[in-house]
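What follows is calculated from the coordinates using simple rules that are stated; it is not laboratory data. What you are looking at is a predicted structure, and each value in this text was computed from that prediction instead of being measured. Methodologically, a virtual Cβ is constructed for each residue, glycine included, from the backbone with ideal geometry; neighbour enumeration extends over all protein chains shown.
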Amino acid sequence: MQTPFIRNHQYNLIKKQASLVQYTLRTVSDRKVIESIRDGAEYTITEQFPEPAQHEKVKGISLLETAEQFEAYLRELEPYLLEFPLLSEKQIQKLFPKTKKLKAPDLQQMDRRYMSHLSWMDISTNKLFMVYPVEGKLVGIEGKYTPTNKKGYCFICNRQEEIALFSAMSKKRPEKSSSDYYRTVGNYLCADGHACNSNITDLSALEKFIESVIG
């Protein structure tokens, strides 16, 4: 039985390294340069998976030559992709108890293998909702969503996409702060959550943002 172990951002990283090696093979003639890029890609991928059995599953990109071989390599890894947790509408509502008539997305229609976070916008309130697992527990954050109608770098995936400003109220409070104290935490992220999930290769920026909000 195949036990999933590859998270979405790790699979995106593998695809990124595969594209880099293929591009190098097409454009570079110096074998030393090619071997250096291949070895770097192999190291970048395998260091994500320190367990020997997992290491064995993902290694081998440095030996590939043709587009067909790279495609086969990526297909062979798909059965090992971990799915984002399946949530019911009632479970999502519990993550946002103060939001009445919450319009939750239908996870049954999504391929949860390719999700690092779940996010969606309520156009009627200009609010964005996000769900993310923190230490094995799903947390929900919400905030104001302001479209920019322009491209820029998303703080989550660090890729250039059409972005929006996401501003959430932080639950962190300084000691001896007044009862009416509040602080918002904002940053620019992909207007399209699907694009963001397709791009993300590192979770650190997202997790830092969430920690700054939930405290």
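Key figures
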quantity	calculated
Per-q log10 I(q)/I(0), the chain, q = 0.12, 0.18 Å⁻¹ (Debye; single scatterer per alpha-carbon; no solvent)	-0.74, -1.29
Interatomic Cα distance distribution for segment 1-86, bins of 10 angstrom, percent	17, 51, 25, 6, 1
Normalised convex hull volume, segment 68-147, alpha-carbon set, Å³ per residue	135 Å³
Whole-Hz ³J(HN,Hα) from phi, Karplus 6.51 cos²θ - 1.76 cosθ + 1.60, for segment 59-75, glycine and proline x	6, x, 5, 6, 9, 7, 10, 9, 4, 5, 5, 5, 4, 5, 4, 5, 5
Packing-based ranking, highest mean first, of 28-38, 135-145 given that Cβ atoms within 10 Å are counted	135-145, 28-38
Entries in Lys16/Lys90; Lys15/Lys103; Lys16/Lys59; Lys90/Lys208; Lys100/Lys137 that, when Cα-Cα distance is taken, lie over 25 Å	Lys16/Lys90; Lys15/Lys103; Lys90/Lys208
For the chain, calculated [θ]222 nm from helices alone, where every DSSP H run of n ≥ 4 adds -39500 (n - 2.57)	-11000 deg cm²/dmol
Between 0 and 90°, nearest 10: helix 31-46 axis offset from the chain longest Cα axis	40 degrees
Two-decimal Rg to Rh for segment 89-214 - Kirkwood Rh, Cα set	0.96
3J(HN,Hα) from dihedral phi, segment 4-13, Karplus parametrisation 6.51/-1.76/1.60, rounded to Hz, x for glycine, proline	x, 8, 9, 7, 3, 5, 6, 5, 4, 5
